[in-house]
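Undergrad: One structure, as C-alpha cells, below. Some questions next.
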Amino acid sequence: MVASGGTGDAYQAQAVVNRILLVEDEPDTAEFIRILLEKNEYEVVYAKDGGQAQATFVMKKPDFVILDLILPGESGFEVCERFKKIDRYVPVLILSAIELADSIDLAKRVGADCYLTKPFEPQALVQSIRDTAEAVYLESKQIRNDFDPDQPVRFNCRCGKRLKVSPSHRGKTMTCPNCGEPVIVPRHA
C-alpha cells in the first residue's frame with residue numbers, strides 16, 4: 001500500500017496482515033466476520049473467550065486482533081491490556097455494541113488502536129483493519145528509528161516473560177529464564 005505524506009513524499013507502508021485473531025463469543029457474529037475476512041484473503045483464528053484468546057495470541061502470533069468487549073469470564077478491556085503487554089505492536093481493533101464515550105476512552109487507555117461499534121458496514125471493518133495496521137506499523141517504525149543504541153533492550157518472550165538485556169546482546173540468541181526457549185534479542189527494540 002503506497003500512501004503519500006503531507007509533504008508529498010511517497011513512502012511504502014509495510015504493514016502486513018495475514019493472520020487475524022477474532023475474539024467473539026457470539027457464534028453467528030463470529031462466523032459472519034470470519035467469512036468476510038477470508039473473502040478478503042485473511043487467515044482467521046478464532047477464540048470465544050479471554051483464556052482461548054490468550055493461548056491463541058501466544059501460540060499463533062497473530063498480525064492483528066479483532067476483540068469484542070463483552071466476553072464470558074472477563075472483559076475485552078482486560079484481554080486487550082494483556083495483549084499489549086505481550087506485544088504492543090500487534091494492532092487491536094475493538095468491535096463492540098457498546099457506544100459509550102467512557103468505553104471508548106477506556107479502550108484507548110488499555111491500548112486499543114481502533115474502536116468500531118456494532119452493527120458495522122463490512123467494508124468499513126476491512127478498511128479499518130488496513131488503516132489501523134498501517135498506523136501501528138508507522139508508529140512502530142518511528143519509535144524504532146528513534147531508539148538509543150546505548151539503552152537496554154526490552155522485549156517479550158513468546159511465553160509472555162518481559163526481558164531486559166544489555167545493548168551488547170542485540171541480535172544474539174539467549175535462553176528465556178521463564179520457559180527455557182531460545183529467543184533472539186531484537187536489534188531495534
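Undergrad: Which one of these does E99 not meet: (1) modelled with pLDDT under 95; (2) charged (D, E, K, R); (3) in a helix (DSSP H, G or I)?
TA: If we test E99 against (1) modelled with pLDDT under 95; (2) charged (D, E, K, R); (3) in a helix (DSSP H, G or I), just (3) comes out false.
For (1) surrounded by fewer than 12 Cβ atoms within 10 Å (Cβ to Cβ); (2) modelled with pLDDT of 90 or more; (3) in contact with an Asp or Glu (Cβ under 8 Å, 6 or more places away or on another chain), each residue gets a yes or a no:
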residue: V126; (1), (2), (3): no, yes, no
residue: C176; (1), (2), (3): no, yes, no
residue: G180; (1), (2), (3): yes, yes, no
residue: H188; (1), (2), (3): no, no, no
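Undergrad: Being in contact with a helix residue (DSSP H, G or I) (Cβ under 8 Å, 6 or more places away or on another chain) and closer than 18 Å to R19 by Cα narrows it down to one residue among L71, L116, L106, L67; which is it? Quick ask: steps written out before the conclusion?
TA: Numbers: L71 fails: closer than 18 Å to R19 by Cα; L116 fails: closer than 18 Å to R19 by Cα; L106 fails: closer than 18 Å to R19 by Cα.
From the options L71, L116, L106, L67, the qualifying one is L67.
Undergrad: Can you name the residue in segment 144-165 that is modelled with pLDDT of 75 or more and assigned to a loop (DSSP other than H, G, I, E, B) and, of all such residues, is surrounded by the most Cβ atoms within 10 Å (Cβ to Cβ)?
TA: If we filter segment 144-165 for residues that are modelled with pLDDT of 75 or more, which is where we start, we get 151-165.
Of the ones still in play, those that are also assigned to a loop (DSSP other than H, G, I, E, B) are 151-152, 157-161.
Numbers: Q151: 11, P152: 12, C157: 20, R158: 15, C159: 13, G160: 16, K161: 15.
The residue in question is C157.
Undergrad: Quick one: in segment 65-96, which of the residues that are part of a loop (DSSP other than H, G, I, E, B) and in contact with an Asp or Glu (Cβ under 6 Å, 6 or more places away or on another chain) is nearest to E139 (Cα to Cα)? Give the steps one after another, and end with the answer.
TA: The first filter runs over segment 65-96 and keeps only residues part of a loop (DSSP other than H, G, I, E, B), leaving 68-69, 71-74, 87-91.
Of the ones still in play, those that are also in contact with an Asp or Glu (Cβ under 6 Å, 6 or more places away or on another chain) are 68, 71-73, 91.
Details: D68: 24, L71: 29, P72: 32, G73: 32, P91: 11 Å.
Selected residue: P91.
The values are calculated or read from the model by the stated rules, or taken from the named source; none is laboratory data. Everything numeric here is computed off the predicted structure, so don't read it as measured data. Note: ideal-geometry Cβ built from the backbone for every residue, glycine included; neighbour counts use all protein chains shown.
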